[in-house]
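Report on the following structure.
The values are calculated or read from the model by the stated rules, or taken from the named source; none is laboratory data. Quick caveat: nothing in here was measured; it's all calculated off a predicted structure. Glycine also receives a Cβ, built like all others from the backbone with ideal geometry; neighbour counts cover every protein chain displayed. The protein model used for the area step is the full one, side chains on, heavy atoms only, and it has no ligands, DNA or RNA in it. Shrake-Rupley method; radii C 1.70, N 1.55, O 1.52, S 1.80 Å.
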Amino acid sequence: MNFFKTKTSSPKVEGRVEGVFKVTGTGKYSAEYHLDGMTYAVIVGSTVPAGRIESIQLDQAKQVEGVLDILTHQNRPQIPAFATKEKLDKSGYSLPVLHTDQIYFKGQPIALVVATTLEDAMYAASLVTATYRKTTANVDFDGSHKGVDAEPFGKERGTMAAWASAPHVAEAEYTIRHEVHNPMEMHATIATWHAPGKLKLYDKTQGVNSVQQTVSRLWEMPKENVEVISEFMGGGFGSGLKVWPNVPLAIMASSQLKRPVKLVLTRPQMFTLVGYRPQSWQKVRIGADKSGKFTGIWHQAKHATAIYDNFNEGIVRISRMLYDVKNIKTEFATVPLNLSAPTWMRGPGDCTGAFALESAVDELSYVLKMDPVQLRLQNLALRIDPDTGKPWSTNYMGECVTKGAEMIGWGDRKALPGTVKDGDWQIGYGMAVGMWFAGRQKASAAIRLDKDGVITVETAMTDIGTGTGTAMQNIAHEYLGIPKEKIKVKLGQSTLPPAPSQGGSTGLSSLSGAVTAACEAFKSKMDAYASTAGEQSSPANYSLIMQKNKLTEVLAEASSGPGEEQKKYAFCSGAAHFCKVKVHSKTGKVKVEKMASVVDAGHIVNQQAAANQVSGAAVGGIGMALSEEQLTDNRYGCLVGNDLAGYHFAVNADAPIIDVDFIHKTDVNINPTGSKGVGEVGIIGTAAAIANAIYNATGKRLRDLPITPDKVLLS
Amino acid sequence: MKPFDLLRPSSIAKAISAKQSQVQFLAGGTNLVDLMKKHIATPDALLDVTPILSSQITGSTETLLIGAAVKNSSAAMDKLVLSSYPLIAKAILAGASPQIRNMASTAGNLLQRTRCPYFYDTTLPCNKRNPGEGCGMREGESRMGAIIGHSEHCVAVHPSDLCIALAALDAEVLYTIAGEKKPMVIPFKDFHRLPGDAPEKDNNLPQNALITGVRIPKNPFSKNYAYVKLRDRDSYAFALVSVAAALHLQGDRIVEARLASGGVAHKPWRWYQAENFLKGKIPSAEVFAEAAALAADETNPLVGNAFKKLMLKGAIEVALQNCLTA
Ligand SMILES: Cc1cc2nc3c(=O)[nH]c(=O)nc-3n(C[C@H](O)[C@H](O)[C@H](O)COP(=O)(O)OP(=O)(O)OC[C@H]3O[C@@H](n4cnc5c(N)ncnc54)[C@H](O)[C@@H]3O)c2cc1C
């Protein structure tokens, strides 16, 4: 079975630049480096969710052979930015790890055991105990959000009164459970003070420059003295955008011991220490006139957050930009709980918001007795971004919808729910759209030519598995005409030209400008050398030109970022997701039979890598829709379960054939390549498409994700 | 995990004489090692029994004998199993992942412990892990919990798929113990136990006994059988409810039926009433629905898992249907 297939005639399939390194195991992930004198650290987490540490018992742990030191809030080296309350508040780092006796959530690091072997450190960590003065903890989102009012979030457009008597209205509440981050590679940091005042970190991160900045801020040291390396990543879906406690912990231990320290989170720790998509509640009211034109949207949302970190991801933004609707009111609030801090997860905010909005639009289509495809086409804001009033630079979501409908075979859908059967199975079709603002940030890149005529394209950006390196090679090849086998790529080191973190689907959009600018700078340098040498400036002559100029290397570095175009236009990537599901009437089992996603993201630099992003996101969407749920138990103030046998993200057996296609129309304004991100739009809307298909199959409207078989059976 | 010694006894006799409560047998390690990492099992030493136990599957005219060290994947691919006891292969393949099945042994599968998340977290109460501490799941997240045979002390379920097929086929567990010359036998229905007031005990295998194999009597169920497993995702997930079903048909009638379930109780559960009901009936959707209802009506779900009763009913109907078609 094809895992995914791309419809358009794609160019010859080429491997990724990092492919061989990954499959042969020669590419190094952060935890795989070995330094002389390495020591191993293991985090001890709090066993209570709220209160204060009274005492920590280390005696038994210290008896373990190989233990070098155990850091606690009582003996760790001082992090300068945590020295006073004022400084801490200003540091922007929410959890003063090992700098407080206060417990905010169960699993919060209270000690760090460092030993000469990992085995010794792990065993000793299990022997550390603590006594606490416990206070009441609250991890009950459902019970707590009722006491929190959603506040205006974004300017109200029009009025509620204007559509109070809309002839057709859909209104409902939608909820999504806590979803954890669990990329295959565990978060890990190796810290070493390799020279006085000079720190080097191998860290699993989506942004080496961001870690560099955070650490230099916390340690009040010049940025240049912090070097960060993250060359390969085993999955980054947002968990690698923040500097989690493992980083300051490893650095503190390395200061204390004056040796390199390796700290790898355990799988159970991944459930509490690297963020998650917070549990949420939403309510959407949407009205339409007789012709099906939307007259108003009222979208309210709340999600959980930590009591020590007011992370918020908005959620309601998607309602403000997707449809052409005059009256709109959006409200939002966070609900602080005794849980660790949530964070961005693929399609943050909008993915949650789109489930509610796109379910509500589907509900309205049945009220209106109108085809959901038609309803979208009639209401999408394709010319103007309704939120800013600026024209979209490009927006081909209408074409995504039309094309997706064809790919899934929308014509076979029956408008009346619950009418298509195959034995005990009920069959249905659903669709939804997704949108993500297409951001671009300033980035830099360099091109280095060696005497053999091989160029290396360099940037500090990390390739989190999206194919950034391959795209860089593709762009340099297109721009310079140098054969691909003569283009190397170097990424993920803070000593390389600075670049933003890879997140929010901005990676390629930001970097493509930098790579083309570097190509340009490189070309003009070579042109100048060529004319001195009296040679024609072409890649075939580069070695000769260098020889004649007595050069061993040519280096060109350039930066590029957004400019005037941002004032003129609004930018977005868009997608339409379609699926066919079957639902078993006796067991509640839902099977996604087929999915089709069509994405408008400007020029697609590498079709294979982009399609891979989109189909991967679709699988994430299946998990979100059908199975991902982190349980909590308010009696004990904690998560229940912390392994991947019990936390059900989707696996291959759950993934159907996923057809992916692109619109392939360049956005000439966004950046020199005309490319926009695809990482987020691939998931935004997928869960709604599946829920909508379940309704079409069964007539059961399920508004609480994940839609596990029990919910299907009981509704 | 706690440091331990790894011992490699050279014979069964040496293995059983070295066995004590703080010294545990190690087979594939896919369950025991996880429990050690989580500090739920803290043995001082492990006895690696894989090399000394049989990894053969042998058949006579009367029985099939699966050696204790036979890997789950080998059993699922064995010609004799596939031709005469195919329900066993079907159940095995519904469990875990290929990698785990490659390591998991027959004996280890029988003795794997519950996947109740309260059992797995040493900071939460669990009578099975820490007798007297209380049951976390009963009033908590009990979606995965039992719907029959549970007690106020424990609502955990037995997690195996293989064992459901073995229960349906009236298998026997063979074991040996220090001081006993002849091989000992426990019928499968008496092997696992209900929690009662001693949930720390999963089964009736005498302490320090070594399982040597599993015997399955010859049966007429190689044609009409099915294993249906309902779970939250289609691979690498434990059952919410599973059903092993087998029918012996003669002419247009059911001569004998077997029905067993996983995910519903502290042990593999046989639905004897439904089996008896099916005897002599002409198979039909209505008859199957009635049998399924008989089984479902025996259950007593917890506050958090009422759905399992409906799911069980559906799963039994589907399994019986599949016996005719699959
Ligand atoms: C992620 C995951 C998912 C899984 N999913 C499923 C599933 O869906 N369905 C399913 O059925 N199983 C599943 N399993 C469980 C798996 O089948 C068991 O872990 C495996 O069968 C245990 O066999 P083992 O040889 O590895 O046992 P071990 O882990 O080596 O031992 C288990 C226990 O048996 C004891 N023991 C072993 N051999 C003997 C012997 N000869 N005599 C006496 N005592 C002995 C050990 O002392 C230990 O207490 C899953 C496991 C994991 C980790």
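Given just the C-alpha atoms of region A:1-150, how large is their convex hull per residue in cubic angstrom?
Values: hull volume 43.8 nm³, N = 150.
Per-residue hull volume (Cα only) is 292 Å³.
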Please identify, among B:ARG258, B:ARG233, B:ARG215, the residue showing maximal mean-square fluctuation in a Gaussian network model of chain B using a 10 angstrom Cα cutoff.
B:ARG233
Quickly estimate the mean residue ellipticity at 222 nm for chain A, helices only: each DSSP H run with n ≥ 4 gives -39500 (n - 2.57), and the total goes over all residues, rounded to 500.
-8000 deg cm²/dmol
Evaluated over chain B, the Cα radius of gyration and Dmax, each in Å
19.4, 62
Buried accessible area, chains A and B (both chains, 1.4 Å probe, Å² to nearest 100)
2900 Å²
Would you kindly calculate the translational diffusion coefficient of region A:235-352, applying Stokes-Einstein with the Kirkwood radius from alpha carbon pairs, for 20 °C and a viscosity of 1.002 mPa s, and quote it in µm² s⁻¹ without decimals?
127 µm²/s
Sequence order, region A:48-63: Karplus ³J(HN,Hα) from phi using 6.51 cos²θ - 1.76 cosθ + 1.60, θ = phi - 60°, Hz rounded, Gly and Pro as x, gives 10, x, 7, x, 10, 6, 8, 7, 10, 9, 10, 3, 4, 5, 5, 5
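Please state the relative contact order of region B:225-323 as a whole percent: Cα pairs under 8 Å, 6+ residues apart? Provide the component values of the computation, followed by the final result.
Values: 185 pairs, mean separation 29.1, N = 99.
With pairs under 8 Å counted, the relative contact order is 29 percent.
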Where region B:225-323 is the region considered: accessible area per residue in Å², 1.4 Å probe
33 Å²
With a 1.4 Å probe and all protein chains in place, put A:LEU544, A:LEU273 in order of accessible area, largest first.
A:LEU544, A:LEU273
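When N is the residue count of the protein assembly as shown, what does its C-alpha Rg come to as a fraction of 2.2 N^0.38 Å?
Values: Rg = 30.7 Å, N = 1041, 2.2 N^0.38 = 30.8 Å.
It is 1.00.
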Inter-site label distance for B:LYS279 and A:LYS490 at 7 Å from Cα along Cβ, in nm
8.0 nm
Where in region B:187-216 does the amide nitrogen come within less than 13 Å of the point 7 Å from the Cα of B:ALA178, taken along Cα to Cβ?
B:207-210
Using a basic spin-label model with each label point 7 Å from the Cα along Cα→Cβ, how many nm lie between A:SER559 and B:ASP297?
7.8 nm
The FRET efficiency for B:THR63 and A:ALA172, from their Cβ-Cβ distance with R0 = 45 Å and rounded to 0.05, is 0.15
Compute the length gained on full extension between A:ALA161 and A:GLN63: take 0.36 nm times their separation in residues and subtract their Cα-Cα distance, giving the result in nm to one decimal.
28.1 nm
Region A:690-712 scanned against label point 7 Å out from B:ALA306 along Cα→C-beta; backbone N under 16 Å for A:710-712
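Give me the percent relative contact order of chain A, please, defined on Cα pairs under 8 angstrom at least 6 residues apart. Intermediate values should be presented prior to the final figure.
On the way: 1850 pairs, mean separation 119.0, N = 715.
Relative contact order, chain A: 17 percent.
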What is the sum of charges, Lys and Arg at +1 and Asp and Glu at -1, for the other residues whose Cβ falls under 10 Å from the Cβ of A:GLU331?
0
Out of residues 5 or more away from A:VAL640 or on other chains, whose amide H comes under 5 Å of its own, with H placed 1.01 Å from N in the peptide plane?
A:LEU631, A:THR632, A:ASP633
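Given an 8 Å cut-off on Cα distances and at least 6 residues of separation, report the relative contact order of region A:165-304 as a percent.
37 percent
Calculate, in nm to one decimal, what B:SER55 and B:SER97 gain on full extension: separation in residues at 0.36 nm each, minus their alpha carbon distance. Please list the in-between numbers first.
Working: separation 42, 0.36 × 42 = 15.12 nm, distance 2.03 nm.
Net length gain for the segment: 13.1 nm.
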Counting only helical runs of four or more DSSP H residues, what would the 222 nm mean residue ellipticity of chain B come to if each run contributes -39,500 (n - 2.57) and the total is spread over all its residues?
-8000 deg cm²/dmol
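Mind giving me the FRET efficiency for A:LYS369 and B:SER10? R0 is 56 Å, r the Cβ-Cβ distance, nearest 0.05 is fine. Could you put the intermediate results ahead of the total?
Values: r = 78 Å, r/R0 = 1.39.
That pair, A:LYS369 with B:SER10, gives E of 0.10.
Taking only protein heavy atoms into account and a 1.4 Å probe, give the accessible area per residue of region A:1-144 in Å².
Details: 7400 Å² over 144 residues.
Dividing the accessible area of region A:1-144 by its residue count gives 51 Å².
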Using a 1.4 Å probe on the protein chains only, how many percent of the accessible area of the protein assembly as shown belongs to carbon and sulfur?
52 percent
List the residues whose amide H sits under 5 Å from the amide H of B:LEU26, counting only those 5 or more places along or on another chain, with H placed 1.01 Å from N in the peptide plane.
B:LEU47, B:ASP48, B:VAL49
I'd like the GluC sites (Glu not before Pro) in region A:533-613 restricted to DSSP loop residues with at most 12 other Cβ atoms within 10 Å, sorted by number.
A:GLU564
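Listed here are the pairs B:LYS223/B:LYS281; A:LYS242/A:LYS329; A:LYS580/A:LYS700; A:LYS488/A:LYS523; A:LYS200/A:LYS442; which of them are more than 21 Å apart at the Cα? Provide the component values of the computation, followed by the final result.
Values: B:LYS223/B:LYS281 18 Å; A:LYS242/A:LYS329 31 Å; A:LYS580/A:LYS700 15 Å; A:LYS488/A:LYS523 17 Å; A:LYS200/A:LYS442 25 Å.
Among B:LYS223/B:LYS281; A:LYS242/A:LYS329; A:LYS580/A:LYS700; A:LYS488/A:LYS523; A:LYS200/A:LYS442, the Cα-Cα distance tops 21 Å for A:LYS242/A:LYS329; A:LYS200/A:LYS442.
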Simple label model, 7 Å out from Cα along Cβ direction - A:THR129 to A:ILE307, nm:
2.5 nm
If you restrict to DSSP beta bridges whose two residues both lie in chain A, what percentage is antiparallel, to the nearest 5?
75 percent
Loop-resident sites, region B:147-184, for GluC sites (Glu not before Pro), counting at most 13 other Cβ within 10 Å (DSSP)
B:GLU152, B:GLU180
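Based on the Cβ-Cβ distance from A:LYS523 to A:LYS28, what FRET efficiency comes out when R0 is 45 Å, to the nearest 0.05?
Details: r = 33 Å, r/R0 = 0.73.
Efficiency, from the Cβ-Cβ distance: 0.85.
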Can you work out the PRE-style zone for B:LEU324? Point 7 Å along Cα to Cβ, and I want the residues of region A:384-424 with backbone N under 16 Å.
A:423-424
Taking θ as phi - 60°, what are the ³J(HN,Hα) couplings along region B:113-125 by the Karplus curve (6.51, -1.76, 1.60), each to the nearest whole Hz, with x for Gly and Pro?
9, 4, 9, 3, x, 6, 5, 7, 10, 5, 8, 10, x
Quote to one decimal, in nm, the extra length available between A:LYS85 and A:LYS290 on full extension: 0.36 nm per residue of separation minus the C-alpha distance between them.
67.9 nm
Over the Cα atoms of region A:440-561, each weighted equally, I'd like the Debye log10 I(q)/I(0) at q = 0.09, 0.10, 0.14, 0.20 Å⁻¹, rounded to two decimals.
-0.23, -0.28, -0.54, -0.99
